[in-house]
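Read-outs throughout are calculated quantities, based only on the coordinates presented, and are distinct from any laboratory measurement. Small disclaimer: the values here were computed from a predicted structure and weren't measured. Here the Cβ is made from the backbone with ideal geometry for all residues, glycine too, and neighbour counts use every protein chain on show.
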Amino acid sequence: MKKELKIEANLDNLDLVLGFIEENLELAECPMKIAMKIAVCVEELYVNVASYAYDGASGDCTLYFEQDEKTPNRISITIEDKGKPFNPLEKADPDTTLDAEEREIGGLGIFMVKNIMDNIIYERKQKNNIIIMEKTW
Amino acid sequence: MEIKKTQNDSELVMAISGRLDTNAAPKLIADMDECLVEGVKTFVLDMADCDYVASSGLRAILGAQKKMNALSGTMVVKNVVSDVMEVFEMTGFADILNFE
């Protein structure tokens with residue numbers, strides 16, 4: 001199956017995005033534990049788009065949810081925007097060994113995404129930022 | 001997300017239920033900024049009914065820990081469900097926070 005959600009990229013639509021992802025993860029029979037983590041990943045990347053891609057102006061964001069019948073325990077989620085070029089994967093990982101006072105808070109979201117997902121790819125194509133992530137359970 | 005606050009002398013308990021996501025985190029930060037003041041010695045964050053934490057939620061919790069450090073108090077996070085605990089562990093937060 002391939003599902004699509006096209007929305008205006010803003011934080012008010014976060015509930016819509018998470019609803020779309022959770023509904024499809026349920027249809028895909030993804031275990032609850034993994035579904036929660038996948039939702040966290042989508043939130044992190046969507047919030048990036050909503051906050052930075054269009055420098056505060058409005059713009060579109062399209063999400064695709066895909067599951068191949070031949071590999072029912074694998075899903076792929078794509079997030080696309082037409083904003084300025086931005087590769088979130090280039091962000092350096094935070095030092096997770098520091099104590100509370102020393103701890104910097106940037107880069108945490110992407111760090112979580114890299115840890116949770118099996119594969120994550122960034123592409124810039126025809127003025128689109130495209131992020132594809134895959135997870136198998 | 002909903003936040004229930006209970007104060008007993010110098011102990012403040014906040015019980016959060018629902019999703020601690022990017023839209024909920026600012027509310028938690030505002031509540032903690034308002035409540036974590038001089039005189040609070042122990043801050044208990046009860047996460048029994050919180051089933052989802054995004055990085056924005058982690059940042060809010062880290063902010064509270066720093067605030068309690070500044071107040072020379074202690075912060076305890078309790079009743080964390082296993083899915084959320086995995087997020088704490090993955091991000092190194094499990095080593096920073098005190099759990100009960």
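Listing for the model above:
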| read-out | value |
| --- | --- |
| Neighbour-limited loop hits for GluC sites (Glu not before Pro), the range B:1-90 (at most 14 other Cβ within 10 Å; DSSP other than H, G, I, E, B) | B:38 |
| Debye, to nearest 20: dipole size of chain B, +1 on Lys, Arg Cβ, -1 on Asp, Glu Cβ | 240 debye |
| Shape metrics for chain B, restricted to C-alpha atoms - Rg then Dmax, Å | 12.2, 35 |
| Full-extension gain in nm, residue A:15 to residue A:137, via 0.36 nm per residue minus C-alpha separation | 41.5 nm |
| Potential lengthening between residue A:130 and residue A:86 on full extension [0.36 nm per residue; Cα-Cα distance subtracted] | 14.9 nm |
| Residue exposure sequence - B:61, A:34 - by fewest surrounding Cβ within 10 Å | A:34, B:61 |
| Two-decimal Rg to Rh for the protein assembly as shown - Kirkwood Rh, Cα set | 0.99 |
| Cα gyration tensor of the range A:2-136 - equivalent ellipsoid semi-axes, whole Å, descending | 23, 20, 14 |
| Pairs beyond 19 Å (Cα-Cα), from A:114/A:135; A:114/B:78; A:37/A:84; A:84/A:125 | A:114/B:78; A:37/A:84 |
| Enclosed volume per residue, in Å³, of the convex hull spanned by Cα atoms of the range B:50-100 | 70 Å³ |
| Mean ellipticity per residue at 222 nm, deg cm²/dmol - from DSSP H runs of n ≥ 4 across the protein assembly as shown, formula -39500 (n - 2.57) | -10500 deg cm²/dmol |
| Exposure proxy ranking, count of Cβ atoms within 10 Å, fewest first, for B:14, A:1 | A:1, B:14 |
| Residue of A:103, A:74, A:124 that the Gaussian network model of chain A assigns the largest fluctuation, springs spanning Cα pairs under 10 Å | A:103 |
